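For reference, the structure is listed below as structure tokens.
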Amino acid sequence: MKTGLSQHTGLRQELRINPRLYQAMDMLYMPMMDLQQHLKQEIMINPFLELMEPEEEDREEPTADQEKEKAEREDEIDWEEILLNGFDVGGTKAQTEVQEYLEPVCVETPNLVDHLREQLQFLSLTPRQQLLCEEFLGALNDEGYLTATVEEIQESVNQLLALYAESRQPADSDENEDEGDEEDSHAGATEADPSTPMPRFVREEIEDFLQIFQGLDPAGVGARDLQECLRLQIARDPNRNELARTMVEEAFPDLIAHRWNDLAKKFGVEPGDVQAAADTLSRYDPKPGLSQSDRGDGYIIPDLIVDRVDGVYHVSLNDTGIPRLRLSRSYQDIARDRSKMTAENKEFISQRMNSASWMIQAIEQRRQTMLKVMNFIVDRQRAFFEKGVEYLKPLTLREVAEVISMHESTVSRVTNEKYVQTPRGVLPLKFFFSSALSTASGEDASARSIRAKLQKMVAEENPAKPLTDQQIVHLFQEQGIQIARRTVAKYRDQLGVLPARMRKRV
């Protein structure tokens, strides 16, 4: 065997993804708002790109005579405006038409903590209670429940006191070293004298302040579980049902499990009275903090629009808010005159020109891809647009990719976080994709349509004899749909439907 270096030629195929292809894939993934921000950034770094409003395409270049005539009209005094609004309008028409435009912006709205802190300001709280107040506010979640126990809050505030005492110890150690007897005389003036450290918090003190905190609005805030939340709201309700209060206090597990007969025997009443009392509990809010939580405004701008005109569905892009890109004419003129350019300038101009041209092509490719995908969805799901969700057909990304001759990952990017405005509302594109279940006729049924039919069955059932999961299976089999009982239970849980035993009305 001979060792050494040698060279040889050969042919092979390689797949290399350049940065531009990565960027094109990202642009497919972007929803409308993100695409707007992306275009603004590209314009800032590439001088050969500029935004063109859609109406500028049909606008003709004004001639010299037209520009002169326009300037003369702007300089004329608008006598009609002066007669109507007085001489304060400014004189010329051009000056009166200039107005400052202020874009509306979102402002921060008060949240639950702000709402509670505003109420606490009207209470006469001691410094110790104010410290506890901040600790309780920090332990609240958005639903209004305390996420920390009394012991954890006690440990936390005592640690704060210990840290505060250590930070003041060097300054205080030089004073009153031999006045030990006077410390007892100042024990009662702890809160009045800031130089004296606070004594440690005890459990009773924290529980007393918890009662004050739970008396704030909304009712039920500061509760540690659902039972305490309902108990707080019942206590402040002048029209409360005493049987409902007793069940919450003494038989909450049976109440949650809807054991009406057991509750009726325990309290010596009829099962109907127990159920009526339980129905009154639905007036209370199990998550009182959400009424004051700042969850923000979730605005959705549809990327696509489906309209029905004369029985025909038309698909269009909702890209009116995105100005179109074009190559900057002024920089194109500069690029043509290369006689005075250095090699470095020529390379920079060539790169930016190619990048700008590619960006315009990528935007157009994105538009065409989205239209292809949505047009196929409309053709496939026409029964849904005509009759409703029960007629939604099963559809996968692979099926769409095969029809429009694109890769499955490309279709996934197009449909991700995109919304379409349809005659049946604004829906995410992922809504139209679901798995299939076999039927007796040989056609597949969409899992989403199965859930819609299940929900309809439950809504139309006899409350005194609710449908069990096995009975629902038989009903589906009568419609030619083969489905397992565990699948019915899974779909029922996804819809938030209780089991038959807990749906029963007496």
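The values are calculated or read from the model by the stated rules, or taken from the named source; none is laboratory data. Predicted model only: the values in this text are computed from it and were never measured. Glycine gets a Cβ as well: all are built from the backbone with ideal geometry, and neighbour counts include every protein chain shown. Keep in mind that these areas ignore ligands, DNA and RNA; they rest on the heavy atoms of the full protein, side chains included. Shrake-Rupley method; radii C 1.70, N 1.55, O 1.52, S 1.80 Å.
Taking the range 255-274 as the search range and keeping residues that are assigned to a helix (DSSP H, G or I) and within 36 Å of the chain's Cα centre (by Cα), which one is nearest to Val506 (Cα to Cα)?
Of the range 255-274, the ones assigned to a helix (DSSP H, G or I) are 255-256, 260-267, 271-274.
From what's left, within 36 Å of the chain's Cα centre (by Cα): 255-256.
Numbers: Leu255: 15, Ile256: 16 Å.
Filtering the range 255-274 for residues that are assigned to a helix (DSSP H, G or I) and within 36 Å of the chain's Cα centre (by Cα), the one nearest to Val506 (Cα to Cα) comes out as Leu255.
Pull out all pairs, ordered by first then second residue, where Cβ-Cβ is under 7 Å, the residues are six or more apart or on different chains, the first lies in the range 463-482 and is at positive phi, and the second is not β-branched (Val, Ile, Thr).
Every condition considered, the pairs that remain are Gly480/Ala440; Gly480/Ser441.
Across the range 364-419, which residue is modelled with the lowest pLDDT among those that are among the hydroxyl-bearing types (Ser, Thr, Tyr), open to solvent by 40 Å² or more (accessible area, probe 1.4 Å) and within 30 Å of Arg326 (Cβ to Cβ)?
Here the residue is Ser405.
If you take the residues of the range 235-254 that are over 22 Å from Val221 (Cβ atoms) and aliphatic (A, V, I, L, M), which of them is most open to solvent (accessible area, probe 1.4 Å)?
Looking at the filtered set, the residue picked out is Leu243.
Considering only the range 208-234, how many residues are open to solvent by less than 30 Å² (accessible area, probe 1.4 Å) and over 15 Å from Leu112 (Cα atoms)?
Total meeting the criteria: 7.
Listed here are the residues, each with its yes/no results for (1) in a helix (DSSP H, G or I); (2) touching a Lys or Arg at 6+ places or on another chain (Cβ under 9 Å); (3) modelled with pLDDT of 75 or more; (4) not aromatic (Phe, Trp, Tyr).
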| residue | (1), (2), (3), (4) |
| --- | --- |
| Val157 | yes, yes, yes, yes |
| Tyr164 | yes, no, yes, no |
| Arg168 | yes, no, no, yes |
| Ala171 | yes, no, no, yes |
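How many residues does the range 115-155 contain that are hydrophobic (A, V, I, L, M, F, W, C), without any contact (Cβ under 8 Å) to a residue 60 or more places away in the chain and outside any helix (DSSP H, G or I)?
Qualifying residue count for the region: 4.
Please work out which one of (1) closer than 29 Å to Ile256 by Cα; (2) open to solvent by 40 Å² or more (accessible area, probe 1.4 Å); (3) aliphatic (A, V, I, L, M) is the condition Ile450 fails and give its number.
Failed condition: (2).
Determine, yes or no, whether Arg505 is within 28 Å of Gly272 (Cβ to Cβ), assigned to a loop (DSSP other than H, G, I, E, B) and not hydroxyl-bearing (Ser, Thr, Tyr). If you could, list the steps in order and put the result at the bottom.
On the way: within 28 Å of Gly272 (Cβ to Cβ): yes; assigned to a loop (DSSP other than H, G, I, E, B): yes; not hydroxyl-bearing (Ser, Thr, Tyr): yes.
Judged against the criteria, Arg505 is a match.
Please enumerate the residues belonging to the range 422-436 that are part of a strand (DSSP E or B) and within 16 Å of Val411 (Cα to Cα). So that I can check it myself, show each step before the final result.
Taking the range 422-436 and keeping what is part of a strand (DSSP E or B), we get 422, 425-428, 434, 436.
Scanning the range 422-436 gives Pro428, Ser434.
A quick yes/no check of all residues on (1) closer than 30 Å to Gln41 by Cα; (2) assigned to a helix (DSSP H, G or I); (3) modelled with pLDDT of 90 or more; (4) open to solvent by 80 Å² or more (accessible area, probe 1.4 Å):
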position: Ala277; (1), (2), (3), (4): no, yes, yes, no
position: Ile300; (1), (2), (3), (4): yes, no, no, yes
position: Ile305; (1), (2), (3), (4): yes, no, yes, no
position: His314; (1), (2), (3), (4): no, no, yes, yes
position: Arg338; (1), (2), (3), (4): yes, no, no, yes
position: Glu347; (1), (2), (3), (4): yes, yes, no, yes
position: Ala356; (1), (2), (3), (4): yes, yes, no, no
position: Met359; (1), (2), (3), (4): yes, yes, no, no
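Within the range 467-490, is there a residue that is closer than 27 Å to Pro271 by Cβ, open to solvent by 50 Å² or more (accessible area, probe 1.4 Å) and outside any loop (DSSP other than H, G, I, E, B)?
The answer is yes; a qualifying residue exists.
Across the range 279-298, which residue is modelled with the lowest pLDDT among those that are surrounded by fewer than 17 Cβ atoms within 10 Å (Cβ to Cβ) and not in a loop (DSSP other than H, G, I, E, B)?
Only one residue fits best here, namely Ser291.
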